[in-house]
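Have a look at the structure below, then the notes.
The values are calculated or read from the model by the stated rules, or taken from the named source; none is laboratory data. These figures come from a predicted structure and were not determined experimentally. Virtual Cβ from ideal backbone geometry, glycine too; neighbours counted across all protein chains shown. Side chains included, ligands, DNA and RNA excluded: accessible areas come from the protein's heavy atoms. Shrake-Rupley method; radii C 1.70, N 1.55, O 1.52, S 1.80 Å.
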Amino acid sequence: MARDEVLISAAELADLIAGPDPVTVLDVRWRLDQPDGSADHETGHIPGAVYVDLDSELSDHSVTGRGRHPLPGGDALQASARRWGVRAGVPVVVYDDWNRAGSARAWWVLGAAGIVDVRILDGGLTAWVAAGNELDKGTENPVVGDVVVTHPDLYTGALPTLTAEQVSEFAGVLVDARAPERYRGEVEPVDAVAGHIPGAGNAPSTGTLDENGLFRDAAELREFFAGAGADGSGPVGVYCGSGVTAAVDLVALKIADVDASLFPGSWSQWSSDSTNPVATG
């Protein structure tokens, strides 16, 4: 079942941590208005969890022309993953505390790098606490891992991506994962231009979650994405502002058993080129 391949419940994670076999837990707390989650991590995190900085470790800001959150290089990611204690043959669980954005980004980046057996804590830190589980304070110092990244260029890695050129000629369905008001071009708090890529449908990443922050079931997600034109009958591409929350939609599409590609540069790359068309409404 696709859901079990991508997600893990708080109860299952608690059993893993308490069990005899090792597990690597990564805290990827990140918010659009508070990208540095290290202070929150030190205040309280899942026991054994290592903090991962999305902006500096799951992105490479030295890359230009590819949006606000360019993908990291494979060598740098491998060095970071080893610092986090990621080891060959040991499962990885990622979590966050905001709409699954940070954990979905980590899930996608690690998967694109060829790292297997990575799952997202369904419901995030909220689900962990709600289940009565304890938190640790401070920081963790894991034993250095030995994981090997098999794809040095994540743009052509283990998971499918789209370039801006491919998006402009895309024959399938484009899905915009941003909030409806940003999609319509009514507001744009981050990028210089408001609107969306012409022809794209809107499936806000927050709509993939229920009131408890858990991913909706496969049938609900298929109906949700069908509303944006992505019914799985043809190619699907997903974008957002900078490639972060689009990963949430990609997780949900995986649960719904719909294959999809990420446009990593997303709206931040597309809108930075004045020759690209823009739609509103």
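Side notes on the structure shown:
- The one condition from (1) free of Cβ contacts under 8 Å to residues at least 40 places away in the same chain; (2) open to solvent by less than 50 Å² (accessible area, probe 1.4 Å) that Glu165 does not meet is (2).
- Taken together, Leu159, Leu221, Leu174 contain a single residue that is surrounded by 16 or more Cβ atoms within 10 Å (Cβ to Cβ), part of a helix (DSSP H, G or I) and under 19 Å from the mean Cα position of the chain (by Cα), which is Leu221.
- Among the conditions (1) surrounded by fewer than 18 Cβ atoms within 10 Å (Cβ to Cβ); (2) in contact (Cβ under 8 Å) with a residue 24 or more places away in the chain; (3) of a type in the set (S, T, N, Q), Thr208 misses just one, which is (1).
- Identity of the residue in segment 24-39, among the acidic types (Asp, Glu) and closer than 24 Å to Pro189 by Cα, that ends up modelled with the lowest pLDDT: Asp33
- Filter pass, Asp96 being in contact with a strand residue (DSSP E or B) (Cβ under 8 Å, 6 or more places away or on another chain), of a type in the set (Asp, Glu) and in contact (Cβ under 8 Å) with a residue 60 or more places away in the chain: yes
- Test result for Trp108, surrounded by fewer than 23 Cβ atoms within 10 Å (Cβ to Cβ), within 23 Å of Phe215 (Cα to Cα), aromatic (Phe, Trp, Tyr) and touching a residue at least 24 places away in the same chain (Cβ under 8 Å): no
- Tallying residues that are in a loop (DSSP other than H, G, I, E, B) and on the phi < 0 side of the Ramachandran plot within segment 242-281 yields 19.
- Residue match in segment 138-147 (condition: over 26 Å from Asp4 (Cα atoms) and among the aliphatic types (A, V, I, L, M)): yes
- Only residues that are over 20 Å from the mean Cα position of the chain (by Cα) and part of a loop (DSSP other than H, G, I, E, B) were counted in segment 182-199, giving 12.
- Scanning segment 31-60 for residues that are charged (D, E, K, R) and within 22 Å of Gln78 (Cβ to Cβ), we see that the one that is surrounded by the fewest Cβ atoms within 10 Å (Cβ to Cβ) is Asp55.
- Taken over segment 146-156, the residue count meeting the criterion of being surrounded by fewer than 17 Cβ atoms within 10 Å (Cβ to Cβ) and under 18 Å from Arg83 (Cα atoms) is 4.
- Counted residues, segment 5-30 - those being farther than 21 Å from Ala130 by Cα and open to solvent by 60 Å² or more (accessible area, probe 1.4 Å): 4
- With respect to (1) loosely packed, with under 15 Cβ neighbours inside 10 Å; (2) within 18 Å of the chain's Cα centre (by Cα), the lone exception for Gly265 is condition (1).
- Filtering segment 177-205 to residues that are β-branched (Val, Ile, Thr) and open to solvent by less than 30 Å² (accessible area, probe 1.4 Å) leaves only Ile197.
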